[in-house]
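Student: Before I ask anything, here is the structure I am working with.
Read-outs: derived from the displayed coordinates by stated rules, not from any lab. Please read these numbers as outputs of a predicted model, since none were measured by experiment. Note: ideal-geometry Cβ built from the backbone for every residue, glycine included; neighbour counts use all protein chains shown.
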Number of protein chains: 2
Amino acid sequence: METATITLAHGAGGRASDELIRSVVLPALGGASDMTLCDAALISNPGERIAFTTDGFTVTPLFFPGGNIGRLAVFGTVNDLAMVGAVPRYLALSIIAEEGLPMESLRSVLREVGNAAREASVRIVTGDTKVVGSGAVDKLFLTTAGIGTVGGDVPLLSPDQACPGDVVLVSGTMGDHGVAVLSAREGLSFTPQITSDCAPLAHLAGVLLAAAPSLRCMRDPTRGGLASVLNEFARAADAGFEIQEDAVPVRREVAALSEILGLDPLYLANEGKLVAVVGPRDADRALSALRAHPLGLEARAIGTVNADHRGLVVMRTGIGTRRIVEYPTGELLPRIC
Amino acid sequence: METATITLAHGAGGRASDELIRSVVLPALGGASDMTLCDAALISNPGERIAFTTDGFTVTPLFFPGGNIGRLAVFGTVNDLAMVGAVPRYLALSIIAEEGLPMESLRSVLREVGNAAREASVRIVTGDTKVVGSGAVDKLFLTTAGIGTVGGDVPLLSPDQACPGDVVLVSGTMGDHGVAVLSAREGLSFTPQITSDCAPLAHLAGVLLAAAPSLRCMRDPTRGGLASVLNEFARAADAGFEIQEDAVPVRREVAALSEILGLDPLYLANEGKLVAVVGPRDADRALSALRAHPLGLEARAIGTVNADHRGLVVMRTGIGTRRIVEYPTGELLPRIC
């Protein structure tokens, strides 16, 4: 018999746990799940090279304009695989739910997990569900792990391969996810509504790989935003990164809200964008390829790699001055993903 | 500069996050980690068949006699892989920490993760760290995902292959982990102290696989204990499972405490034991093999599979009566793993 809320019995490993999996989890995930009731899934012929990743998701609220924790949990892990050039294949889903969580909340999140998995062409093959007492977790955390396969022709992508003269690309506007979650959390509303960019990037990444043999590295700028990714790249490459303020695409409403709240879109999280470094000869072709893709319509070349100010990111402003884009140090927006 | 406690900045994806990973996480994990600072790890030649699993760990307290959340997080996932006949190879570690957690708590847990990984011969290749505000999680949750390789000669292990006449084995005493955690939580102390059985089972499982070609299935009886595993087996096999009460090994002190607290060791969690079903011809050899292993010294044959009372588990008591071992329904002991 189904209860209206999650109870500790649902986490006890007995009948109630079994019923939760059979009557709520698996049906909600729908056709996206091959999950056996066994504790581990077997995968045949995974390929010569595989990519492996994990990510925990603690976003609050669970649903926000343009997305929810279920979609983030799928796309976040899919995107980490895509950024190393892998084709995402299999997901493992770990659920930690709070006693008293409405069953309908769990069900609706898991439906989104299932839909997102179908959209991203990944199969959820194994999982785990824990329930903790009221107050021991805030509603619901998801952790996903993923396995992707890496084609034999995919080069090793790593920011330490970036070198002076390379071009820095972004696939679209910065800061949408961060502002969407913040608005939802603070009860702010805008017209037009700012929605999360939450999307699976594997196809876009594949297009970029095919278009740019000199692709050095890709990264999805989530927590810490573009500023964090560029600083990591600059350190790893031991090179300077110089970007043009005017070239960084930011939606007008995101820019306006950021200004009001004292936030900088460069530091805000994205969940459906990538930053890439490519050799100069491939830059135009890479940019055209991104722009021809629905997820890259607003792609831009935003700067270059140089031999000056090694390890630092510098932004040239509209009025011609230059300022250092610091590695984020503060707490920014907690529980943004 | 290291702070004495975890702060939200440690979860923000910037400098503090980076420093936490470099100066606390990686050193504490020690040689057990190949973790790159990249979001996904690449694995070459993983093998023809791989096993994939995940498990979340929410145990309270973080340290208890005989173990801690770090060892559980490694061994729990290693054991899920071992139970399908895989050799555990790679782990992904996801950390969700509460703001204000003493840095030393995180560090000591991660040292245990590192030690446990070395003991179990697995490499931690990727990870993720999130920090949530005070009150949004109780101290520290870990989620591990694991990949194991499955040898070409390993049969498909599944409880639906159990058939009448088969023999049920357990590798040792039941209920130690559950009682150890409960005692720690309730501040109960005993002489001798009851300690968790928390241990990696892959080597023991390999020994059993080699000794018993007719091995049908193995399972580690964690949440819900032996009662839960046998009920799952009975349902999957559509067969009856009959066990002898006298044959189930239970430490005297575990039995005594269970009696006082109204608990049944059959329903208590174990973290270093396995339950196996083998064909009758292999039963003696399997039992000898288990007993020759340090983790199986107290292995016993506890019962058989039969064609009666399909889907049910029945226990024959010391005085000759029979009672049904119900699938656990209640909340048992939350946050036991």
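Student: How far is helix A:69-83 tilted off the main Cα axis of chain A, in degrees rounded to 10, range 0 to 90?
Tutor: That helix lies at roughly 50 degrees to the long axis.
Student: Excluding residues fewer than 8 places away in the same chain, name every one of the lysines whose C-alpha is closer than 22 Å to that of A:LYS273.
Tutor: A:LYS273 reaches B:LYS130.
Student: Another one. What nm distance separates the two modelled labels at A:SER189 and B:ARG316, each placed 7 Å from Cα along Cα→Cβ?
Tutor: 7.0 nm
Student: By a straight-distance test (C-alpha under 15 Å), which aspartates and glutamates pair with B:LYS139 as possible cross-link partners, with residues fewer than eight away in the same chain excluded?
Tutor: Output for B:LYS139: A:GLU98, A:ASP138, B:GLU98, B:GLU99, B:GLU104.
Student: Output wanted: per-residue J couplings in Hz (rounded whole) for segment A:15-21, from phi through Karplus 6.51 cos²θ - 1.76 cosθ + 1.60, θ = phi - 60°, x for Gly and Pro.
Tutor: Whole-Hz 3J(HN,Hα) from phi for segment A:15-21: 4, 5, 4, 4, 5, 4, 5.
Student: Let me ask another. May I ask for the angle, rounded to the nearest 10°, between helix A:103-119 and the longest principal axis of chain A, with both axes built from Cα atoms and the value confined to 0 to 90°?
Tutor: 50 degrees
Student: Which ³J(HN,Hα) values, rounded to whole Hz and listed in residue order, are derived for segment B:162-179 from phi using the Karplus coefficients 6.51, -1.76 and 1.60 in 6.51 cos²θ - 1.76 cosθ + 1.60 with θ = phi - 60°, glycine and proline given as x?
Tutor: Values, residue by residue: 5, 9, x, x, 5, 10, 9, 10, 10, 8, x, 5, 9, x, 4, 4, x, 6 Hz.
Student: Hey, another quick one. In percent, how large is the relative contact order of chain B, given Cα pairs closer than 8 Å and 6 or more residues apart?
Tutor: 23 percent
Student: While we're looking at this one, here's another question. Among B:LEU20, B:LEU72, B:LEU29, determine the one that fluctuates most according to a GNM of chain B built with springs between C-alpha atoms less than 10 Å apart.
Tutor: Top of the fluctuation ranking is B:LEU20.
Student: Please list, in order along segment B:298-308, the HN-Hα scalar couplings obtained from phi with the Karplus expression 6.51 cos²θ - 1.76 cosθ + 1.60 (θ = phi - 60°), rounded to whole Hz, x for Gly and Pro.
Tutor: 9, 4, 9, 8, 10, x, 9, 9, 9, 8, 8
Student: Right, here's the next one. In terms of modelled amide H atoms, which long-range or inter-chain residues lie less than 5 Å from the amide H of B:ARG49?
Tutor: A:ASN45, B:VAL150
Student: Using only the alpha-carbon atoms, how far is helix A:252-261 inclined from the longest principal axis of chain A? Give it as 0 to 90 degrees, nearest 10.
Tutor: 80 degrees
Student: Just to confirm the numbers: A:ARG316, label point 7 angstrom along the Cα-Cβ line, distances to the other copies in nm, shortest first?
Tutor: 8.7
Student: For B:ILE302, which sequence-distant residues (separation of 5 or more, or a different chain) have an amide H within less than 5 Å of its own amide H, given hydrogens modelled in the peptide plane?
Tutor: The answer is B:VAL168, B:LEU169, B:VAL170.
Student: Here's a follow-up. In nm, what does the list of distances from A:GLY151 to its counterparts in the other copies look like, shortest first, when each label sits 7 Å along Cα to Cβ?
Tutor: Values, ascending and in nm: 3.6.
Student: Where the label is 7 Å out from Cα toward Cβ, how close does B:GLY31 come to the same position in every other copy, in nm, shortest first?
Tutor: 5.1
Student: Also: Can you show me the helix-derived [θ] at 222 nm for the protein assembly as shown, built from DSSP H runs with n ≥ 4 at -39,500 (n - 2.57) apiece and divided by the number of residues, rounded to the nearest 500.
Tutor: About -8500 deg cm²/dmol.
Student: What is the antiparallel percent of DSSP beta bridges lying wholly in chain B, to the nearest 5?
Tutor: Approximately 75 percent, going by the DSSP bridge assignments.
Student: Next up: Would you give the gap between the C-alpha center of segment B:220-295 and the C-alpha center of segment A:296-337, rounded to a whole Å?
Tutor: Each part reduced to its Cα centre gives a spacing of 58 Å.
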